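The values are calculated or read from the model by the stated rules, or taken from the named source; none is laboratory data. Source: prediction; values computed, not measured. With ideal geometry, Cβ positions are generated from the backbone for all residues, glycine too; neighbour counts draw on all protein chains shown.
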Amino acid sequence: MMLSDIRDYIAGLDMAEQCYMGKLDAKKDNSIGCYHLRRSGSSHIPLGGRSNATYDILPVSILIHGSRYAVETERMAHKLYQVLRDLENETVNNQTIKFCRMLVPEPQDVGTDDNGIYEMVIETEFYTEKEEE
């Protein structure tokens, strides 16, 4: 599973006017961005080697680029957080997301951008069925 698959899943929730991955210079209000979560540590390889793996992990940082109103942005972020927290066995682009492991207890307030739009971040790990090699 790739970051573009996560973007497609979140876009399919119809919670945002725009869903993107990577940098977007002209963000619309009420948009959601998906980024690779930069973490240190080793990759997931089970005892006996990669052939024994039954799942993959994709760490993702999700930016909720809300509106000029903190309450609206917070509502949008909490709604997405709850959907991801409760996600089980969802298929996107012919691949299965088993569940999400939330890395923060709630959406994190990161203030406003240069235009005064409130933003929040959700960090999570998507556990997916292992892709055939």
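Things to note:
- Within the stretch 35-63, the set of residues being exposed (fewer than 10 other Cβ atoms within 10 Å of the Cβ) and in contact with an Asp or Glu (Cβ under 9 Å, 6 or more places away or on another chain) comprises Ser51, Thr54.
- The set of residues in the stretch 95-124 that are over 14 Å from Val83 (Cα atoms) and among the charged types (D, E, K, R) comprises Asp109, Asp113, Asp114, Glu119.
- Residue, surrounded by the fewest Cβ atoms within 10 Å (Cβ to Cβ), within the stretch 69-101, restricted to residues that are more than 20 Å from Gly12 (Cα to Cα) and of a type in the set (A, V, I, L, M): Val71
- Odd one out for Gly66 among (1) touching a residue at least 12 places away in the same chain (Cβ under 8 Å); (2) exposed (fewer than 14 other Cβ atoms within 10 Å of the Cβ): (2)
- The stretch 102-115, subset at pLDDT below 95 and loosely packed, with under 12 Cβ neighbours inside 10 Å, residue farthest from Asn30 (Cα to Cα): Asp114
- Complete set of residues in the stretch 3-55 that are touching a Cys at 6+ places or on another chain (Cβ under 6 Å) and of a type in the set (Gly, Ala, Ser): Ala11
- Just one of the listed residues (Ile6, Ile32, Ile10) is part of a strand (DSSP E or B), surrounded by 13 or more Cβ atoms within 10 Å (Cβ to Cβ), under 10 Å from the mean Cα position of the chain (by Cα) and β-branched (Val, Ile, Thr), and it is Ile32.
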